[in-house]
Amino acid sequence: MPGSLVGEALSTPAKGVPAMQSVETVLLLVVLATVVAAFARRLSIPAPSLLVVAGVVVGLLPGVPEVRATPELVSLVVLPPLIYAAGEEMPWRDLRAVWRPVTVLAVGLVLASAGVVGLVAAFVAPLPASMAFVLGAVLASTDPVAVSALGRRLSLPPRIQVLVQAESLFNDATSLVLFRLAVSAAIAGGAVSFESVGGEFLLLAGGGLVLGLVVAGGIWLIRRRTVDPVLETVIALVSPYAAYVLAESLGGSGVTAVVVCSVVLGAQTPKITTAHIRLQVEAVYGTVIFILESAVFALIGLQLPYLVRALAGSDPGWPWQALVITAALIVIRFLWVFPLGWIMQLRRGNRRVNWRTSTVVSWAGARGVVPLAAVLSIPLFADDGDPVPQRDLVLALATTVIVITLVAQGFTLAPLVRKAGVARTPAEARKEQAIANVRLAEAGLAHLEQLYDLETAPPAVLDRLRQSLLARIDHGDTPDEPTGATYRRLRRELLAVEMAELTRLFDDGTIDDNTRRRLQRTLDLEDARLNDDS
């Protein structure tokens, strides 16, 4: 697309690479992914890692049809909603607190990783320098979908969770510029002008930022005037695609636009939607995300056997080459994160390195969907008409590294978090939620006192409401409540007061985002039930 070689590559299928062979294969992929993901939840293991393993195993079975993804399938169909969901989970409050280290990781670490991987690949693999740095650019950035999927089941402190998730979301512009330069060198025989690198970075990152804000503003204007749950759900499903397509069409970064749009709208959702709408959108969007996320990680695993067969007999040393490249990625991340962690500790007046936090952040660097989309978009032919040298090897190495990081880091991240002692215990989470629940009930009681003074409601109804709130404070539960019209009206009024108190508790740092979301859902369910009874 105009202004971005990567935009063109990601939206155009590579020549000679067919799409998935049939509707039956697609359905089989979805069923396989859903079943495996369900087992992963029951076994309390990371679904992305198990899905990748299952995909590799199924791909190795005789008689299984080859399942090959096109760049447009991954980048246009699958990627936008998954990134949008990850961005919506990121609270603006926590993001502001980590913007400095996120910037260092999203720019500096990406550049360092691309350089190191490129040098190592050129040394250990039979790749020309240009293709070695294409591989480095592909693998330089962590993946937002993989990091979010792996981190969702970990009880990390908010600062660490937001740090690794924000890094994976905002390093896209840097990696896209590197990928543009590397691919241009590979297909144009080194005829690359580095004078425009800064302008290209500003176009991708700045254009994605501005267009993401524009789309978010337009959607905000529409959603704040929408009361139909079905229409709201459709708007929520279309939003990531609108941001992505607009940005890519105008030369910006589609991923950056989706991230910005999702973060902005995620912060505004409680203000522009009703409880009933939030519950319906959450249910529908959660189902879509589950299916797409499950399918895409299974697809990554299924791709590997096909790529390995394509390399048969040409380069028997590719497995150890992939292991060396993976090790280089991990080492450079540790060497970058630990000094950054020490500097952050110094800024807080602490001269000791927090090795536990730095180790967890260093290990939470899985690659996934975004690198897969990038590597699939490498052209088949150079500008002179000759085949791009060693393209199959680059695809195989990149996919193997992606699989290794998803499996090795995915299966070991949770034990590492527990061993490091940085995770919040279930008891701590329950205690925080109980304290917040009491604060909400106290806010409701304070509002009831005003209603008593104003004498705007029957005292008997106010007494029942008081008893209900006191029961929450004493026992943590709510007894069966009357369903009269006056009672429902006053209870909805108290719910608005409790929602405002919940927002205040989150804004001043008393509770984290997980507690806020759980309590908001509880309030939404009660609000929806009151509306159903009326």
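The values are calculated or read from the model by the stated rules, or taken from the named source; none is laboratory data. All figures in this text were calculated on a predicted structure; none of them were measured in a lab. Every residue, glycine among them, receives a Cβ derived from its backbone with ideal geometry; neighbour counts consider all protein chains shown. In case anyone asks, the SASA skips ligands and DNA or RNA and just uses the protein heavy atoms, side chains included. Shrake-Rupley method; radii C 1.70, N 1.55, O 1.52, S 1.80 Å.
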Along region 255-272, Karplus-curve 3J(HN,Hα) (6.51, -1.76, 1.60; θ = phi - 60°) to the nearest Hz, with x for Gly and Pro, reads 5, 4, 4, 5, 4, 4, 4, 5, 5, 5, 5, x, 6, 9, 4, x, 8, 10
Under the Karplus relation with 6.51, -1.76 and 1.60 and θ = phi - 60°, whole-Hz ³J(HN,Hα) for region 235-249, x at Gly and Pro, equal 4, 5, 6, 7, 3, x, 5, 4, 5, 5, 5, 4, 5, 5, 5
Per-residue accessible area, 1.4 Å probe, largest first, puts VAL422, VAL57 in the order VAL57, VAL422
Note to self: with every protein chain in place and a 1.4 Å probe, region 320-421 gives an accessible area per residue in Å² of 43 Å²
Counting only backbone N atoms under 13 Å from a point 7 Å out along Cα-to-Cβ of ASP386, the residues of region 163-186 in range are 186
Once MET499, MET90 are ranked on solvent-accessible area with the largest value leading and a 1.4 Å probe, the list reads MET499, MET90
Subtracting the Cα-Cα distance of ILE235 and PHE411 from 0.36 nm times their residue separation yields 59.8 nm
Sequence order, region 501-514: Karplus ³J(HN,Hα) from phi using 6.51 cos²θ - 1.76 cosθ + 1.60, θ = phi - 60°, Hz rounded, Gly and Pro as x, gives 5, 4, 4, 5, 4, 6, 5, 8, x, 5, 10, 8, 5, 5
Under the 7 Å Cα-to-Cβ spin-label approximation, VAL30 and ARG518 lie apart by a distance in nanometres of 3.3 nm
Between VAL57 and VAL324, the FRET efficiency computed from the C-beta separation at R0 = 22 Å comes out, to the nearest 0.05, as 0.35
Between THR486 and ALA310, Cβ-based FRET efficiency (R0 60 Å, step 0.05) works out to 0.25
Helix 47-60: inclination vs the chain longest Cα principal axis, degrees, rounded to 10, gives 40 degrees
Heads up, region 491-534 by the C-alpha gyration tensor (a ≥ b ≥ c square roots of eigenvalues; a/c under 1.5 rounded, else a/b over b/c prolate, else oblate) looks oblate
So, with points 7 Å from each Cα along the Cβ direction, the LEU119-TYR452 label distance in nm works out to 7.3 nm
Ordering ASP94, ASP228 by the accessible surface of their heavy atoms, 1.4 Å probe, largest first, yields ASP228, ASP94
Options [x] 21; [y] 30; [z] 35 for percent of Cα pairs over 44 Å apart; the value derived from the coordinates is listed as [x]
Extension length gain for ARG504 and LEU43 (0.36 nm per residue less Cα distance), in nm, is 162.3 nm
Carbon plus sulfur, as percent of the 1.4 Å-probe accessible area of the chain, comes to 65 percent
In degrees, nearest 10, the alpha-carbon axis of helix 110-124 is tilted away from the dominant principal axis of the alpha carbons of the chain by 30 degrees
Asserting the computed 222 nm helical MRE of the chain (DSSP H runs at least 4 long, -39500 (n - 2.57) per run, divided by residue count, to nearest 500) equals -24000 deg cm²/dmol
With the convex hull built on the alpha-carbon atoms of region 248-374, volume per residue in Å³ sits at 209 Å³
Computed curve, region 87-235, Cα-only Debye sum without solvent term, log₁₀ I(q)/I(0) at 0.09, 0.20 Å⁻¹, is -0.39, -1.22
Between ARG418 and ALA129, the FRET efficiency computed from the C-beta separation at R0 = 56 Å comes out, to the nearest 0.05, as 0.85
Note to self: C-alpha centroids of region 48-126 and region 352-375 sit apart, in Å, by 10 Å
Per 5 angstrom bin, beginning at 0 and ending with the bin that holds the maximum distance, the Cα pairs of region 260-301 fall in percents of 5, 20, 18, 21, 16, 10, 7, 3, 0
Placing one equal point scatterer on each C-alpha of region 227-284 and summing with Debye, one gets log10 I(q)/I(0) at q = 0.18, 0.19, 0.30 Å⁻¹ equal to -0.64, -0.69, -1.16
One quarter of the C-alpha convex hull surface, i.e. the mean projected area of region 338-432 in nm², amounts to 9.8 nm²
Output for region 406-500 (equivalent-ellipsoid semi-axes, sqrt of 5λ from the C-alpha gyration tensor, Å, descending) is 41, 13, 11
The long-range amide H neighbours of PHE381, using H built 1.01 Å from N in the peptide plane and a cut-off of under 5 Å, are VAL388
Length gained, LEU202-THR425, 0.36 nm per residue minus C-alpha separation, equals 76.1 nm
Most packed first (mean Cβ within 10 Å per residue), the peptides 260-267, 172-179, 423-430 order as 172-179, 260-267, 423-430
